[in-house]
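The values are calculated or read from the model by the stated rules, or taken from the named source; none is laboratory data. This is a predicted model, so every value here is computed, not measured. With ideal geometry, Cβ positions are generated from the backbone for all residues, glycine too; neighbour counts draw on all protein chains shown.
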Amino acid sequence: LWEKCSVPETINKETFQKSFIRHVNTTLARSIYNVDNFSAYQATAHAVRDRLIQRWNETQQIHTERDQKRVYYLSLEFLLGRSLDNALLNLGLKDSFGEGVKELGFKMEDILDQEVDAALGNGGLGRLAACYMDSLATLCYPAWGYGVRYTYGIFQQKIVDGYQDEFPDYWLNFDNPWELPRVDIVVDVQFGGHVNKITEGDKVRHEWIGGETVQAVAYDVPIPGYGVKNCINIRLWNSKPRRKFDFGKFNAGEYDQAVQEQMKAEFLTAVLYPNDNHMVGKELRLKQQYFWVAASLHDIVRRFKKSQRDWNEFPDQVAIQLNDTHPALAIVELQRILVDEERLDWDAAWDIVTHTFAFTNHTVLPEAMEKWPVPMISQLLPRHIQIIFDLNLFFLQRVEKFAPGDRDFLARLSIIEESTPQYVRMAHLAIVGSHRVNGVAKLHSKLIKETIFKDFVKYYGPDKFENKTNGITPRRWLHQANPKLSELITETLGHKDWLKDLTLLKKLEESVHDKEFRRRWMAVKHSNKVRLAEYIRDVVDVDVNPNALFDVQVKRIHEYKRQFMNILGVIHRYNTIKSMSPEQMRDVVPRVVIFGGKAAPGYYIAKLVIKLINSVASVVNKDSTIQDLLKVIFIPDYNVSVAEIIIPASDISQHISTAGTEASGTSNMKFVLNCGLILGTVDGANIEIHEEIGDDNIFMFGHLAEQVDDLRYAHRYRDVPMDPHLDAVIKDIESGSFGEARIFAPLINTLTFGKDYYLISDDFGSYLDAQKLVDEAYKKEKDWVKKSILCTANMGQFSSDRAIKEYAESIWGIIPVKV
Ligand code: 26M
């Protein structure tokens, strides 16, 4: 029977339609005469889901059979966006299903538009995890992701009177066809309680008796590879109370107490913390982290134990990648399991632990470094804090042998920060517990070795520290987001192989001299700009001209990313145009400056930047004297789906962080892959993109990372005059040109009293110069198109497939298992 059932069903238009109708009738319990777009989405999604599950099962079965080394990617964030279009394309079902729904009276586009984003992440780090899962599946690696099933993803942003307002993202309102609830996979996670010290002969062991138990329930999210049958899994944990509901209390009228326990446990995985590159020391966040780490490790260990191998084979079977320090407690948890529960001796256990973990750092910003108060950890995890102190003791004993008597060196390396109260430095814990540490772009990996982790490089030597430049998946970020460009590329190259080997795009260089090809290339960009213009009209009710230069900066709002500098530059542009004669104005390239991005709800200055952008927009957009030469747009609620509309439509995108602050950036790669040029600083992956595409095809400006310390020193101790153009812009804001000046005083103060920490004044002159070059270049249409083609053609290095192969070969030691 199994043989008969497991024969894969042929999938074509008719079989799709049959399963569509079956799902309308049974899954949705609807009449086929009563199907709106949303039901059509659900039915289509379920038809796809059926196929995904088949592949998922087969993949798991083969991976279990082969029992090769697996990688586990631990990430508190997976910013997946929508799944239907991606699954259709990866499974090769887009055409047949598209025709199928059309015959049934629907448009595939409308159906796709019904899906809400899975927005379980803040920004770069979370989206990177999603791209990496796509590559792991496509390259057939035996891999699992582990994360949290938040009830509320990143908040929804609305703009009210120019200010950001936050609304809950209750994304599970309707059924979610992209998850498989695993009610049978449940892990008890403990908190608090006490530790018993048990002496057995000459041996001492510890037993942790938890005070409170929360259950973790698994929800599996299948991730299909492109053009292969492999389908891997992201396991997301949901919390629920373990204790039975107390009906005694309930009947006695103590409703509150009876419900309280229930609610407390459910609260654990309720919300994603909306901070990006900023640490907040909230106890609930720490609980979330341990809950997820404990459930995941339990699952990993259980899977390992099924094969009945010896413990010292663990690192040959299991690689665990820590996506930043958020899962760093996993190091302590594995040591605890091995020593307290499996009764290995300390050193043998530690050897296993350190050969299992590797750690990716994503930032050098001091305010983003995770540290937790020792008293908080002691309360919540009494056994773990003991283990942390023991690990630190043994670690520092070895350091002391390396640098005898150097107490400062010891204090700098210590996992514990000796303040009142003491803190646990999670990055130090992650380094000590891992066999490899990596940064996410060349400059960033160099900087962490020279600054925050300098002393660790001294102690361990340089080989423990590597670079793994980030990458993006060309399936979602070109094929799916820009179908017309994908089609043109496929037609020109004569194959689709470039979607699996992005370096093949290089051959497009040969077509830059082909006039007809250039015309079609431009036509694709133009139609993407029309699509974005329509979206802008829908969401902010402003008409923009698709023939204008589209200048885009979309990313989380943060001082180091300098959206403030961008909008100050816009004011300069506006005032320049206003001072022009009609003849001079004829020479101006019309521009649409587009912003998008969320500010952390507690980040006051970032929120003021949003307000300033909207205030400038409302003045500029209704000023008829500038003849539509400038429009300013703030697109609300920037997310993955909105990015898929914006990115293919950009002529220029801005990546203008203060040098040395943006670890990598990944949207820079997405824009250039979609044949948009970059205006950027010498920072993060901009540098490597520049190396690949060449001087002529990128606009770089600003001071270098090695100059930043001196410049900051100058602001701090000397009277540095403000850049004159910047000074004029600031005076304009202060005169009330963009609404009540006092509103923006705190923002302007960051430049004056705040000593311009992000060096806006220092870079402003060269920023404006670079903007002039952009305008001049855009006037030379033919050259511009050539640049644009060369951008896409030279992006081969920035595929997440390249990144994942590097991780697999040099850090994880895993090989593909193809279904
Ligand atoms: C920490 C503690 C408490 C609450 C939230 C956090 C937190 C959440 C997200 C801290 C950092 C977070 O993300 C950092 C991040 O997204 N970094 C970005 O990572 C990208 C992928 O490597 C890089 O491309 C970006 O340059 C980097 O800023």
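Tell me, please, whether a residue that is among the small types (Gly, Ala, Ser) and surrounded by 22 or more Cβ atoms within 10 Å (Cβ to Cβ) can be found in the stretch 544-560. The answer is no, given that none of the residues of the stretch 544-560 is among the small types (Gly, Ala, Ser) and surrounded by 22 or more Cβ atoms within 10 Å (Cβ to Cβ).
Residue 595 meets the conditions (1) aromatic (Phe, Trp, Tyr); (2) within 24 Å of the chain's Cα centre (by Cα); (3) part of a helix (DSSP H, G or I) in every case but one. The failed one is (3). Residues that are more than 28 Å from residue 784 (Cβ to Cβ), part of a helix (DSSP H, G or I) and among the hydrophobic types (A, V, I, L, M, F, W, C) occur in the stretch 451-474; there is at least one. Selection of the stretch 188-231 for residues being among the charged types (D, E, K, R) and surrounded by fewer than 12 Cβ atoms within 10 Å (Cβ to Cβ) yields 197, 200, 202, 203.
Can you find even one residue in the stretch 464-471 that is of a type in the set (Asp, Glu), surrounded by fewer than 23 Cβ atoms within 10 Å (Cβ to Cβ), modelled with pLDDT of 95 or more and within 15 Å of the ligand (Cβ to nearest atom)?
Within the stretch 464-471 (the criterion being of a type in the set (Asp, Glu), surrounded by fewer than 23 Cβ atoms within 10 Å (Cβ to Cβ), modelled with pLDDT of 95 or more and within 15 Å of the ligand (Cβ to nearest atom)), the answer is yes, since at least one residue qualifies.
Does residue 300 satisfy the criteria of being under 22 Å from residue 71 (Cα atoms), away from the ligand (no atom under 15 Å from the Cβ), touching a Gly at 6+ places or on another chain (Cβ under 7 Å) and in contact (Cβ under 8 Å) with a residue 60 or more places away in the chain? Judged against the criteria, residue 300 is not a match.
Within 16 Å of the ligand (Cβ to nearest atom), among the hydrophobic types (A, V, I, L, M, F, W, C) and not in a helix (DSSP H, G or I) - does that describe any residue in the stretch 103-113?
no
When the residues of the stretch 267-284 are filtered to those that are surrounded by fewer than 15 Cβ atoms within 10 Å (Cβ to Cβ) and modelled with pLDDT under 95, the one that is farthest from the ligand (Cβ to nearest atom) is 281.
If I filter the stretch 135-187 down to residues being farther than 16 Å from residue 240 by Cβ and among the polar types (S, T, N, Q), which single residue comes out as surrounded by the fewest Cβ atoms within 10 Å (Cβ to Cβ)? Ranking the qualifying residues of the stretch 135-187, first place goes to 173. Entry remark, the stretch 651-687: residues being within 12 Å of the ligand (Cβ to nearest atom) and assigned to a helix (DSSP H, G or I) number 5 in total. When we screen 689, 743 for residues that are within 30 Å of residue 509 (Cα to Cα), surrounded by 15 or more Cβ atoms within 10 Å (Cβ to Cβ) and at pLDDT 95 or above, the only hit is 689.
Looking at the structure I just gave you, is residue 132 more than 16 Å from the ligand (Cβ to nearest atom), closer than 25 Å to residue 359 by Cα and surrounded by 20 or more Cβ atoms within 10 Å (Cβ to Cβ)? Lay out the reasoning, then the answer.
Numbers: more than 16 Å from the ligand (Cβ to nearest atom): no; closer than 25 Å to residue 359 by Cα: yes; surrounded by 20 or more Cβ atoms within 10 Å (Cβ to Cβ): yes.
No: the conditions fail for residue 132.
Looking only at residues of the stretch 114-123 that are part of a loop (DSSP other than H, G, I, E, B) and more than 16 Å from the ligand (Cβ to nearest atom), we find that the one that is nearest to the chain's Cα centre (by Cα) is 117. With the structure loaded, tell me whether residue 632 is aliphatic (A, V, I, L, M), away from the ligand (no atom under 16 Å from the Cβ) and in a helix (DSSP H, G or I) or whether it fails that test. No; evaluated as a whole, the condition is false for this residue. Of all residues in the stretch 552-577, those that are assigned to a helix (DSSP H, G or I), of a type in the set (S, T, N, Q) and under 19 Å from residue 678 (Cβ atoms) total 2. Among the residues of the stretch 27-58, those identified as aliphatic (A, V, I, L, M) and not in a helix (DSSP H, G or I) are 28, 29, 32, 35. Checked against (1) at positive phi; (2) within 16 Å of the ligand (Cβ to nearest atom); (3) without any contact (Cβ under 8 Å) to a residue 60 or more places away in the chain, residue 308 passes all but a single condition, namely (2).
Scanning the stretch 99-128 for residues that are under 18 Å from residue 10 (Cα atoms) and surrounded by fewer than 20 Cβ atoms within 10 Å (Cβ to Cβ) turns up just one, 99. For the condition modelled with pLDDT of 95 or more, hydrophobic (A, V, I, L, M, F, W, C), within 16 Å of the ligand (Cβ to nearest atom) and touching a Leu at 6+ places or on another chain (Cβ under 9 Å), residue 292 qualifies.
Please determine, by comparing only the residues of the stretch 357-374 that are within 12 Å of residue 432 (Cα to Cα) and over 17 Å from the mean Cα position of the chain (by Cα), which one is nearest to the ligand (Cβ to nearest atom). So that I can check it myself, show each step before the final result.
At the first step, the residues of the stretch 357-374 found to be within 12 Å of residue 432 (Cα to Cα) are 357-359.
Cutting the leftovers down to over 17 Å from the mean Cα position of the chain (by Cα) gives us 357-358.
Numbers: 357: 18, 358: 15 Å.
Among them, the one singled out is 358.
Name the residues in the stretch 585-632 that are within 26 Å of residue 772 (Cβ to Cβ), crowded, with 18+ Cβ neighbours inside 10 Å and among the β-branched types (Val, Ile, Thr), would you? Passing the criteria: 592, 593, 594, 609, 613, 616, 620, 626, 632.
Within the stretch 635-650, restricting attention to residues that are assigned to a loop (DSSP other than H, G, I, E, B) and within 16 Å of the ligand (Cβ to nearest atom), the residue that is farthest from residue 153 (Cα to Cα) is 638.
Just one of the listed residues (264, 287, 229, 240) is within 16 Å of the ligand (Cβ to nearest atom) and either touching a strand residue (DSSP E or B) at 6+ places or on another chain (Cβ under 9 Å) or not in a strand (DSSP E or B) (or both), namely 287. Taking the listed residues 303, 309, the one that is in a loop (DSSP other than H, G, I, E, B) and farther than 25 Å from residue 374 by Cα is 309, with no other qualifying. Is it true that some residue in the stretch 47-56 is closer than 22 Å to residue 359 by Cα, of a type in the set (Gly, Ala, Ser), crowded, with 22+ Cβ neighbours inside 10 Å and at pLDDT 95 or above? No; the residues of the stretch 47-56 include none that is closer than 22 Å to residue 359 by Cα, of a type in the set (Gly, Ala, Ser), crowded, with 22+ Cβ neighbours inside 10 Å and at pLDDT 95 or above.
The conditions are (1) within 21 Å of residue 386 (Cα to Cα); (2) aliphatic (A, V, I, L, M); (3) surrounded by fewer than 16 Cβ atoms within 10 Å (Cβ to Cβ), and residue 259 fails exactly one of them. Which is it? Tallying (1) within 21 Å of residue 386 (Cα to Cα); (2) aliphatic (A, V, I, L, M); (3) surrounded by fewer than 16 Cβ atoms within 10 Å (Cβ to Cβ), residue 259 fails exactly one: (1).
Being more than 16 Å from the ligand (Cβ to nearest atom), within 26 Å of the chain's Cα centre (by Cα) and aliphatic (A, V, I, L, M) is the filter here; which residues of the stretch 54-95 pass it? Selection gives 71, 84, 87, 88, 89, 91. Which of the helices (runs of 4 or more DSSP H) contained wholly in the stretch 377-434 include at least 1 residues that are among the aromatic types (Phe, Trp, Tyr) and without any contact (Cβ under 8 Å) to a residue 60 or more places away in the chain? The helices (runs of 4 or more DSSP H) meeting that bar are 382-402, 407-413.
Within the stretch 721-819, which helices (runs of 4 or more DSSP H) (wholly inside it) include 3 or more residues that are in contact with a Cys (Cβ under 8 Å, 6 or more places away or on another chain) and more than 24 Å from residue 467 (Cβ to Cβ)? Ranges flagged: 781-793.
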